[in-house]
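Data first, discussion second: the structure below is written as C-alpha cells.
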Amino acid sequence: MITLNGKGACSGIVFGRLCFYRRGAGSVERTAVEDPETEVKRFEAARGRAVAELAVLYDKTAQELGEESSLLFQIHQMMLEDLDYCDAVTGLIRQETVNAEYAVQRIAQKFEDMFADMDDEYLRGRAADVQDVSRRVLSILTGVPAGGIEAEEPVIVAADDLAPSETVQLDKGRILAFVTVGGSVTSHAAILARTMGIPAVIGLGSALSEELEGREAAVDGSTGEVYLEPDRATCSRLRVKARREAEYRELMARYRGRETVTRDGRKLPLYANIDSLDDMEAALQNDAEGVGLFRSEFLYLESRDYPSEERQFQVYKRVAEKMDGRRVVIRTLDIGADKQAAYFRLPAEENPAMGMRAIRLCLTRPEIFKTQLRALYRASAYGRIAILFPLITSVQELREVKRLAAGVREELAASGVPFDPGAELGIMIETPAAAVISDQLAKMVDFFSVGTNDLIQYTLAADRRNESVAEFADPHHEAILRLIGYSAKSAHEAGIWIGICGELGADQEMTRAFLEMGIDELSVSPPAILPLRARICQIG
C-alpha cells in the first residue's frame, strides 16, 4: 500500500479505481501567415462560439447545481470578452503575423503566469480559469475535442488540475471523487466539488502520475489522504470512519429547522460566513439563519479590473433575494495585506497587515468606495442588507465613512433609485483600538461584528500568517475575552446588537462564554452551523 498526501477540499470516503482525465492532444505550432486579418476573424469567430457554449453551460449548471454555482461561467464569458485579453491576442496576430492558435496559446500563458505568480492563494487559483477558457477557444480553432474520461463504471477522477467546465461536463453518475496533482482549496473546481458533495483531494504533487491509471484506491477527503491498493486494515478503518461520519451527519440533520435556543430559553442565532455566491447553497443546506459575513472582496480578487456598480449590484441583489428576508451582512472591500489585486497597484509594504488595507484604502480612494456603496444600497431594495465596515480604529474614520454613505443615499434619492434608507450600518471590532473606544463607536452605528482572527493578531502581536508564532496566538487569551466582553457591554448599553464572525465563533469551548457575555449572534462557516446548534441547544 502506498499513501499519497494532499489537501482535503471536500470531505467523504470512497473506494474505487483511478481514471485519469484525458485532454485533447491537439498541438499548436507557430505558423507565419500572409493575411493576419483572416486569422483575427478566425479568433473572433472561435471566441464568439466559446461564449455561446459557456452560456449553455451556465444554463446546465444552474439547473443541476443552482444559480450560484453557474455564476463562474458568466465570469468565463467576461474573461473572453475582456478587452485586454482580446486586444493582446489580435495584437500579437497582427504584429508578428502568426496563426490564431499560437497567439491564443501564448497570450493565455502570459495571463496564466500572471495569476500563478501572485501571493494570494485565491488569485493563484484563477490560473485554472485562464487555462479553461483558452482550451475552449483552442479546441474550437483546432477541431480537437476538449477531453474527458473513459469509464463505464463510477471511478475516482484524477488529473493535473480540473478546470470548472471540465468538472461540470463530466457525468456525475460516474464520479466517486476528484484527486489532483495541483489546485487550491479556493479554486472554482474545489468549490464545485463541495457544492456537488463529491470528495476531493488536491495538491498531491507528482506522485499522482498517469502510471497509476486503473489502480484501486481509497480517498479520504477530510484528511487529504489517498491510499493506493489499500490493505485490509486500512479499508476496515476507513469503512468504520465513513459509517461514523454518516451517523454524525444524520444526527446533525435533526437540528435542521430547529430554533437555536438554550434549554433555559436564551436565543443565539447562527449565521453563515460566505466568500461568494458559490457558498450560498451550502449556507442554505446547513440551515443558516442569515448571512453574518459576506466577504465582498472576492468580486475584486477574481476581476482584472474594478468591478462595475452594475455587476456588484447583481451579485448583492442575488444574495439578498436568496436569503428571502433574512439578514445579509455584507462587508465592504477588504483588499490589502494578504488579499492583493494587481490592478489596485498597491506598493509593497514591510508589514502589510498594518498597512494600506480595508477601510483605509476605501477612504483614500473614495470613488471605488462610493461605487460599492451605490451597489449595496441599490440591492437593499431587494432584501434585508446590512453594511459592515472593516478595520475601523477611530471615531474620525467612522464619521467620514458615514458621511460618504449619506452622500450616496442622497444621490440615489435624487435620482429616484429605490433603496432601503434604513439599511443597518455596522463596524468590525477587529483592532484593540476599536474595542477600547467601543462605547463611543456604538453610539454611531447599528451593530458590531467582532472579527476575532484579526483581533487576536493585533492584540497579541502574532502575525496570523506566520506559523512560527502560531503558539503565541492564543484565542482564549484573557485580553481577547476582555476586549470582546467590553465591546458587548458597550453595544448593549447603546441599544445595538453584537455578533462574532471570526473563527472563534465556531469554537464550542467558547459558546457558553459568549452566551454569558450577551453575544447576540454567531456567524460561522456553513458546515459548523448544525454542530454548533446542537451544542447551544444542550446548554442549560
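The values are calculated or read from the model by the stated rules, or taken from the named source; none is laboratory data. Please read these numbers as outputs of a predicted model, since none were measured by experiment. Ideal geometry is used to build each Cβ from the backbone, glycine not excepted, and the neighbour counts take in all protein chains shown. The accessibility values were calculated without ligands, DNA or RNA, using every heavy atom of the protein model including side chains. Shrake-Rupley method; radii C 1.70, N 1.55, O 1.52, S 1.80 Å.
Ordered by 1.4 Å accessible area with all protein chains kept, V181, V219, V14 run largest first as V181, V14, V219. When you work out D = kT/(6 pi eta Rh) for region 368-420 at 4 °C and 1.567 mPa s, using the Kirkwood radius from C-alpha pairs as Rh and the Stokes-Einstein form, the result is 111 µm²/s. A simple spin-label model places the labels of I2 and E411 6.0 nm from each other, with each point 7 Å out along Cα-to-Cβ. Ordered from largest to smallest accessible area (heavy atoms of protein chains, 1.4 Å probe), the residues S236, S139, S380 come out as S236, S139, S380. A crude spin-label estimate for the pair L363 and Y486, with each label 7 Å from Cα along the Cβ direction, gives 2.0 nm. Kindly state, to the nearest 0.05, the FRET efficiency for D160 paired with E29, given R0 = 35 Å and r defined as their beta-carbon distance. Plugging the Cβ-Cβ distance into 1/(1 + (r/R0)^6) gives 0.95. Accessible surface computed residue by residue for the chain, with neighbouring protein chains in place and a 1.4 Å probe, gives 43 Å² per residue. Rounded to the nearest 500, the 222 nm mean residue ellipticity of the chain from helices alone is -14500 deg cm²/dmol, with -39,500 (n - 2.57) taken per DSSP H run of at least 4 residues.
Ligands, DNA and RNA aside, V28 has an accessible area near 30 Å² when probed at 1.4 Å. Rounded to the nearest 10 degrees, the angle from helix 395-414 to the longest Cα principal axis of the chain is 70 degrees. Averaging Cα coordinates gives a centre for region 198-275 and one for region 369-441; these two points are 39 Å apart. Here the gap between S468 and V395, fully extended at 0.36 nm per residue and compared with their Cα-Cα distance, gives a gain of 22.8 nm.
Once the Cα atoms are used to define both axes, helix 232-253 deviates from the longest principal axis of the chain by about 50 degrees. Among the protein heavy atoms, those of D420 account for about 60 Å² of accessible surface (1.4 Å probe, every chain in place). Of all lysines in the structure, those lying under 27 Å Cα to Cα from K402, and not within fewer than 8 positions of it along the same chain, are K317, K339, K370, K443, K489. Specify the angular offset, from 0 to 90 degrees and rounded to the nearest 10, of the alpha carbon long axis of helix 67-80 from the longest principal axis of the alpha carbons in the chain. For helix 67-80, the angle is close to 60 degrees. Figure note: D129, D35 ranked by solvent-accessible area, largest first, 1.4 Å probe, ligands and nucleic acids not counted: D35, D129. Evaluated at 10 °C with a viscosity of 1.306 mPa s, what Stokes-Einstein diffusion coefficient in µm²/s does the chain have when Rh comes from the Kirkwood expression over alpha-carbon pairs? Diffusion coefficient, whole number: 63 µm²/s. Computed in the context of the full set of protein chains, the accessible area of the chain at 1.4 Å probe radius has 48% of its extent on carbon or sulfur.
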